[in-house]
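One structure below.
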């Protein structure tokens, strides 16, 4: 909700992504980068969440990126 609340003048989405990765790491899960996400799909997910409070599309994108991160960055750990 950091990006939604907008507590800072700039960097709210970046801060939210860093915090979400911190939560994942503390819980022994892989961090996400969203580097492989389609930009239009990412923007759609963000807009649906902010404007309609609909998390379903972001959840789908999150799961895809988590699987990508595990497969590409952490499979040898």
Q: Report, in degrees rounded to the nearest 10, the 0 to 90 angle that the Cα long axis of helix 12-26 makes with the longest principal axis of the chain.
A: 40
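What FRET efficiency, computed as 1/(1 + (r/R0)^6) with R0 = 25 Å and r the Cβ-Cβ distance, is obtained for residue 22 and residue 51, rounded to the nearest 0.05? Before the final figure, lay out each step's value.
Working: r = 27 Å, r/R0 = 1.06.
Result of the calculation: an efficiency of 0.40.
Report the extension gain between residue 72 and residue 40 in nm, rounded to one decimal, defined as 0.36 nm multiplied by the number of residues separating them, less their alpha carbon distance.
Numbers: separation 32, 0.36 × 32 = 11.52 nm, distance 2.20 nm.
Difference between extended and current length: 9.3 nm.
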Q. If you look at just the Cα atoms of the chain, how large are its Rg and its Dmax in Å?
A. 13.0, 39
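No value in this document is a laboratory result; all are computed from the given coordinates. None of these values were measured; they are calculated from a predicted model. Positions of Cβ are backbone-derived with ideal geometry, glycine not excepted, and every protein chain shown enters the neighbour counts.
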